[in-house]
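What follows draws every value from the coordinates through simple rules; no lab data is involved. For clarity, every value in this text was computed on a predicted model and none was experimentally measured. Cβ placement follows ideal geometry from the backbone for every residue including glycine, while neighbour counts extend to all protein chains displayed.
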Amino acid sequence: MKILVINCGSSSLKYKLFDMDKDSVIAEGRVERIGENDGIITHQAVDREKVNKTKPIPEHSVAISECLSLLTDPEVGAIESLNDIKGIGHRVLHGGEYFKQSTLVDDTALDQMEELRDLGPLHMPANILGIRSCMKLMPNTPQVAVFDTAFHSTMPKHAYLYAVPYELYQRYRIRRYGFHGTSHNYIALRVAQLMNRDVKELKIISCHLGNGASLAAIDGGRSVDTSMGFTPLEGLMMGTRSGDIDPSALEYVMDKEDVPMANIINMLNKHSGLYGIAGAGDMRDIVQGVEDQKPMHMLAFDMYEYRIRKYIGAYIAAMNGVDAIAFTAGIGENTPSLRAKICDNLSYFGIAIDHQVNQQRGEFELSTPESKVKVYVIPTDEEIMIAKDTLKLITENNNKSKQ
Ligand code: AMP
């Protein structure tokens, strides 16, 4: 059975077509610069020639049409007809309190997602547009929404509430939601497989360190805390996001610089983090700067590492223990010096890594046999999780309608 996974961002769209019988990707691609005259399309089906082209992509529906016609192209495609696609899984940023798991999309689900627009103004409009475009182009194909927040819906109330007047939660659902849930879920399940243990018996800290970054404390396979909050701005220092900051400092800056809140939030999202300190938001530039002994790059690296380590310590306390720590995403998978510094500074907990092994790429264990805590690098795979959830919901729905 073929399942298409679509990740629709504000100006780009990524897709992967899975053959679920073989658990493999048979085609993938991306459309970038949506809304521009020089949109970029890249596409690759297994054993077929790669496609790179530039053409105007005025809107998301055009991007999706392009992707569907490439998938069915006799020369470079992967399937004969769109009927071969039995379901489409969409990555959706925010499920609010409506969606505690993935869902088949119907009118009610779409209305609820519309209500959540304001909780993710950068991502939700594009996510919803992607779903609506697919529904128009393939009206008979089931669409499934998989939410970045859903995995964290198991957090206990004492972890997800902010200590502000309770009415704000009652009135506006102001609380920690957490993000990267699909990735953290994948990592927890993969750690359990690698340890040959049931995930229900394990305490795991998953470190998703990409351009956006978050940690999750996962106890018995359930997220019990995570560092991102009401929006992805809270928590760790990130590529361009500040992470935690005292809100009073913001009021102070607003007064001094006479700028509105919107500018401050924009600054915290886009001009802060590694970029705000060192003028470079990409960890590769930071690592190079550290090698070249540039003081601000060294400071940014130290701040980035320190914040992660502090959160790991907090989550060990939150779970009263930890069996495994796993690093994933662009920075987590590719920055041995960061992993080394974090783990060496956690030796109090009996964490020990092999520095030679730590230099490897791909999936591996870097903890030594003596280490009390297992440490892994695990490349994340959000798309396979979305494809599996999509298949599961479609199968359940088909079985229900047969009964
Ligand atoms: P992601 O959001 O998971 O795609 O991660 C993107 C980020 O990973 C980039 O902004 C870089 O900071 C970082 N990254 C990617 N490749 C490398 C690498 N080879 N070494 C260090 N950092 C990397």
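A few remarks follow.
- In terms of packing, defined here as the mean over residues of other Cβ atoms within 10 angstrom, the peptides 3-13, 241-251 line up highest first as 3-13, 241-251.
- Cβ-defined net charge surrounding T72, 10 Å radius [Lys, Arg +1; Asp, Glu -1]: -3
- Computed on the range 78-118, the Cα convex hull volume stands at 97 Å³ per residue.
- The packing ranking, built from the mean of other Cβ atoms within 10 Å per residue, places the peptides 18-29, 81-92, 226-237 in the order 226-237, 81-92, 18-29, highest first.
- Estimated dipole of the range 52-193 in Debye, rounded to 20 [Cβ of Lys and Arg +1, of Asp and Glu -1, Cα centre]: 580 debye
- Dipole magnitude of the range 166-259 about its Cα centre (Cβ charges: Lys, Arg +1; Asp, Glu -1), debye to nearest 20: 620 debye
- Viscosity 1.306 mPa s, temperature 10 °C, Stokes-Einstein D of the range 40-176 from Kirkwood C-alpha radius, µm²/s: 92 µm²/s
- When the Cα positions of I264, M298, A249 are compared along the charge dipole of the range 203-359, M298 comes out farthest toward the positive end, with charges on each C-beta of Lys, Arg, Asp and Glu.
- Taking amide H as placed 1.01 Å from N in the peptide plane, V375 has its amide H under 5 Å from the amide H of I325, L366, S367, each at least 5 places away in sequence or on another chain.
- DSSP bridge pairs, the chain: antiparallel proportion in percent, nearest 5: 70 percent
- Packing around the peptides 122-134, 173-185, 391-403, taken as the average count of other Cβ atoms within 10 Å per residue, puts them in this order, highest first: 173-185, 122-134, 391-403.
- Its residue count N fixes a reference of 2.2 N^0.38 Å for the range 285-403, and the Cα radius of gyration divided by that reference is 1.40.
- Taking a ≥ b ≥ c as the square roots of the Cα gyration tensor eigenvalues, the range 145-291 comes out oblate, since a/c reaches at least 1.5 and a/b does not exceed b/c.
- Positive minus negative residues near N334 (Lys, Arg vs Asp, Glu; Cβ under 12 Å): +1
- For the range 265-273, 3J(HN,Hα) per residue [Karplus equation, 6.51 cos²θ - 1.76 cosθ + 1.60, θ = phi - 60°, Hz, x = Gly/Pro]: 5, 4, 4, 5, 7, 10, 10, 10, x
- Helices in the chain, meaning DSSP H runs of at least 4 residues, each add -39500 (n - 2.57). Divided by all residues, the mean residue ellipticity at 222 nm is -12000 deg cm²/dmol.
- For a straight C-alpha distance cut-off of 26 angstrom, the lysines reachable from K400 (same-chain residues fewer than eight places away being disregarded) are K2, K22, K86, K100, K136, K388, K392.
- Around the amide H of G87, modelled in the peptide plane, lie the amide H atoms of L4, all under 5 Å away and 5 or more residues distant in sequence or on another chain.
- Reported to the nearest whole Å, the Cα centre-to-centre distance from the range 186-255 to the range 298-347 is 11.
- Table column - 3J(HN,Hα) (Hz), the range 228-244, Karplus curve with 6.51, -1.76, 1.60, x for Gly and Pro: 6, x, 4, 10, x, 7, 7, x, 5, 6, 10, x, 10, 9, 6, x, 3
- The distance linking the range 365-395 with the range 44-91 is 28 Å (Cα centroid to Cα centroid, whole angstrom).
- The range 1-79: proportion of alpha-carbon pairs further apart than 17 angstrom, %: 40 percent
- Cα-based helix-to-principal-axis angle, 124-137 vs the chain, degrees rounded to 10: 20 degrees
- With all pairs of separate Cα atoms included, the chain yields a Kirkwood hydrodynamic radius of 22.4 Å.
- Restricting attention to the range 263-385, the count of lysine pairs at 8 or more positions apart or across chains with alpha carbons under 24 Å apart stands at 8.
- Couplings for the range 69-82, taken from phi via the Karplus curve 6.51 cos²θ - 1.76 cosθ + 1.60 with θ = phi - 60°, read 6, 5, 5, 9, 5, x, 7, 10, x, 10, 9, 7, 9, 5 Hz in order; Gly and Pro are left as x.
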